[in-house]
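Enquirer: There's a structure below that I have some questions on.
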Amino acid sequence: MSKLKEELKKRILVLDGAMGTMIQQYKLGEEDFRKGWFEGHDFPLKGNNDLLSLTRPDIIKAIHAKYFEAGADIVETNTFSGTTIAQEDYNAQDKVYEINYHSAKIAKEVADEFTAKEPNKPRFVAGSIGPTNKTASISPVINDPGFRAISFDELVVAFSQQVEALIDGGVDMLLVETIIDTLNAKAALFAIEQVFEKKGVEIPIMVSGTITDQSGRTLSGQTTEAFLISTEHAPITSIGLNCALGAKELKPYLQVMSKKSPFLVSAHPNAGLPNEFGEYDETPEMMADQIKVFLEEGLLNIVGGCCGTSPAHIKAIADLAKNYEPRKINQN
């Protein structure tokens with residue numbers, strides 16, 4: 001059994017907060033996204049945060065350290081858009097291996113430093129696998145509902161490249177997250193199993209879906225329970241929900257997940273709903289008060305933050321989580 005799975009049996013583990021929220025605070029310019037790797041690149045690169053693992057690794061390392069200092073047990077690699085599909089927008093798809101490999105190495109280096117300082121609180125790295133910017137279930141052309149911008153097989157190839165690099169870089173687990181289209185996620189899970197077989201390795205898999213609004217469905221139309229049923233065939237360690245909603249709005253869907261899931265359950269909600277400026281207003285104290293209800297009801301094994309959350313939010317959550325027992329599988 002992996003050390004991570006051992007720790008999950010003992011306590012609620014805390015996931016980090018928003019990478020993008022932290023990067024925004026550095027007020028980076030175009031040159032920061034080019035340094036040492038893309039000086040002659042013919043596309044604008046500002047905003048392609050995954051590239052910073054190559055061009056400004058000092059920033060990414062500092063962000064990971066801040067989240068570990070705040071009490072996180074797990075940090076996510078800076079690879080949310082680390083597929084050839086997403087990187088094609090910047091004509092940077094030929095750097096996908098390097099993006100994922102170096103992102104994993106950076107995070108693992110920081111995790112090992114903190115584990116060495118506190119052996120009784122080992123730190124872990126989750127390889128972040130985002131949903132890509134193309135969906136396999138939904139047509140982007142309103143007048144042609146049968147059209148698809150990408151195929152399942154194309155997704156499998158792209159996810160396989162990402163997964164191999166993340167594993168080579170030393171991640172402790174893989175996190176298929178912010179799932180808006182379950183067919184994309186199924187392609188990622190299929191890719192993961194293929195890579196495991198190819199490499200002769202197996203590490204824990206987290207799956208985290210996104211309820212896109214208060215209709216209670218993913219973007220591709222599934223309810224929480226349908227999403228669970230669609231993915232439970234895979235050898236996953238945990239399943240949960242993240243993004244789009246704040247903790248308060250996420251609660252009823254998390255309750256369903258906790259009641260029905262044969263796996264461990266995770267949640268990393270946003271710091272509330274975005275305001276008219278696209279910013280998140282919930283303070284660490286406000287968010288922790290809402291997450292406290294999840295913990296009192298015994299809904300969670302892993303908890304963290306998504307959009308708008310900072311190390312202060314994660315500290316408030318971590319200070320709370322240590323006082324509660326982890327959810328028992330199929331306790332209801």
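Enquirer: Run down the lysines and flag those whose C-alpha is under 25 Å from the C-alpha of Lys27, throwing out any fewer than 8 positions away in its chain.
Expert: The qualifying lysines are Lys35, Lys46, Lys61, Lys66, Lys95, Lys105, Lys315.
Enquirer: Taking K and R as +1 and D and E as -1, what net charge do the other residues with C-beta under 10 Å from the C-beta of Gly308 add up to?
Expert: -3
Enquirer: So, one more: Charges only on Cβ, +1 for Lys and Arg, -1 for Asp and Glu: so what's the dipole of the stretch 233-290 about the Cα centre, in debye to the nearest 20?
Expert: Roughly 560 debye for the stretch 233-290.
Enquirer: Then there's this: Put +1 on the Cβ of each Lys and Arg and -1 on the Cβ of each Asp and Glu in the chain; which of Ala62, Met173, Trp37 then has its Cα farthest toward the positive end of the dipole?
Expert: Of the listed residues, the answer is Met173.
Enquirer: What percent do you get for the relative contact order of the chain when only Cα pairs under 8 Å and 6+ apart count?
Expert: It comes to 19 percent, rounded to a whole number.
Enquirer: Taking each full run of DSSP H in the chain as one helix, which ones are at least 27 Å long along their axis (Cα atoms) and have mean Kyte-Doolittle hydropathy of at least -0.5?
Expert: 96-117
Enquirer: For the chain, what is the Kirkwood hydrodynamic radius in Å, using each pair of distinct C-alpha atoms?
Expert: For the chain, inverting the mean 1/r across all distinct Cα pairs yields 19.8 Å.
Enquirer: Applying the Karplus parametrisation 6.51 cos²θ - 1.76 cosθ + 1.60 with θ = phi - 60° to the phi angles of the stretch 138-150, what ³J(HN,Hα) value in whole Hz is obtained for each residue in order, glycine and proline being reported as x?
Expert: Rounded to whole hertz, the list is 10, 7, x, 10, 4, 8, 9, x, x, 6, 10, 7, 7.
Enquirer: Tell me which residues come under 5 Å, amide H to amide H, from Ile239 once H is placed; ignore anything under 5 positions away on its chain.
Expert: Residues meeting the amide H criterion: Val207, Leu264, Val265, Ser266.
Enquirer: Let me ask something else. Treat every Asp and Glu Cβ in the stretch 172-222 as -1 and every Lys and Arg Cβ as +1, leave all other atoms uncharged, and give the resulting dipole magnitude about the Cα centre to the nearest 20 debye.
Expert: So the magnitude is around 120 debye.
Enquirer: Quick check for me: using +1 on Lys/Arg Cβ and -1 on Asp/Glu Cβ, what's the dipole size of the stretch 3-321 about its Cα centre, in debye to the nearest 20?
Expert: That gives a dipole near 680 debye.
Enquirer: Scanning the chain for chymotrypsin sites (Phe, Trp or Tyr not before Pro) in DSSP loops with at most 11 other Cβ atoms within 10 Å, what's the longest stretch left with none?
Expert: 1-146
Enquirer: Restricting to DSSP loop positions (anything but H, G, I, E, B) with no more than 12 other Cβ atoms inside 10 Å of their own Cβ, which GluC sites (Glu not before Pro) remain in the stretch 23-53?
Expert: Glu39
Enquirer: Largest first and to the nearest Å, give the Cα extent of the stretch 109-189 along each principal axis.
Expert: Largest to smallest, the principal-axis extents are 58, 20, 15 Å.
Each value in this text was obtained by applying a stated rule to the coordinates, not by laboratory testing. Source: prediction; values computed, not measured. Cβ atoms come from the backbone with ideal geometry, glycine included; neighbour counts cover every protein chain shown.
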